[in-house]
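Chemist: Pasting in a structure now, in structure tokens, and then I'll have a few things to ask.
Derivation of every value follows stated rules applied to the coordinates shown; laboratory data play no part. Given the structure is predicted, the values throughout are model-derived calculations rather than measurements.
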Amino acid sequence: MTTSTLDLTTALSAELEHHTPEGATERLSAELGQLSWLLVDSTMLAGRETAMSLRMLLERASAQGVSIALDLNWQPQQWGLGAESPPTAEVLRRFRTLAEAAALISASDQEAAWFFQTSDPVSIHSAFSQKPAVLVCDSSGSLRWCLGGRSGQLQAIHHPDAFLRRLIEGLNRQPELLGHSGPGTDAVAQPEQLSNLLRQAAGP
């Protein structure tokens, strides 16, 4: 089993400094065979070149069984909008394809409300055919989650920026904990293993 995760937002930005979208795509595609996850965010849709490469890379990742983790990371300035602006209808239209490719979605409660019209992770999970895992964090650090066919809440995330990466690392080691993710999949994660994973990812 592969155990690698690539932060595609950072990697693609670096490649596009020296290559065309097609060239950057080819270079990064060569790494897909060693990956189990790609980490992406919504800023990748804002630029024409990054959006073009992202579309091609998502198709190739899907064909090779690489999972997509979407850290929503809404930055309205990237779209020419004012700070604190909600997404426009055009942003939401372009975002939909990215969300539909994700096996895991992470968002703040405000981002979730804007992009999914709800901040309930179970509702977001149920709204997509691929049934992604969903994490929704509020400003106090409290996390509501839907993962592995189960749902719950964590009261304190010590390092929110590191939580998602730690969680993905844990899912690399125990992919069965994604459980109920995908159409026709009835698997449910073992609650004790799932609780341990979440505590480890949230810890100091």
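Chemist: Quick one: compute the contact order of region 1-102, relative version, from alpha carbon pairs under 8 angstrom and 6+ residues apart, as a percent.
Modeler: Numbers: 118 pairs, mean separation 28.6, N = 102.
Relative contact order comes out at 28 percent.
Chemist: So what is the calculated 222 nm ellipticity per residue for the chain, using -39500 (n - 2.57) for each DSSP H run with n of 4 or more, over all residues, to the nearest 500 deg cm²/dmol? Could you put the intermediate results ahead of the total?
Modeler: On the way: 8 runs with 88 residues, N = 204.
It lands at -13000 deg cm²/dmol.
Chemist: On the principal axes of its Cα set, how long, how wide and how thick is region 106-204? Give whole Å, largest value first.
Modeler: Its Cα atoms span 35, 31, 18 Å along the three principal axes.
Chemist: Across 10 Å bins from the origin, how do the percents of Cα pairs in the chain run, short distances first?
Modeler: 9, 36, 38, 17, 1
Chemist: So what's region 1-102 giving for Cα Rg divided by 2.2 N^0.38 Å, two decimals? Please report the intermediate quantities before stating the final value.
Modeler: On the way: Rg = 13.5 Å, N = 102, 2.2 N^0.38 = 12.8 Å.
For region 1-102, the normalised Cα radius of gyration is 1.06.
Chemist: Please compute the length gained on full extension between VAL188 and SER4, using 0.36 nm multiplied by the number of residues separating them and subtracting their Cα-Cα distance. Let's see the in-between values first.
Modeler: Values: separation 184, 0.36 × 184 = 66.24 nm, distance 2.40 nm.
That pair, VAL188 and SER4, stretches by 63.8 nm at full extension.
Chemist: Round to a whole angstrom and tell me the spacing of the C-alpha centers of region 27-45 and region 95-120.
Modeler: Answer, in whole Å: 19.
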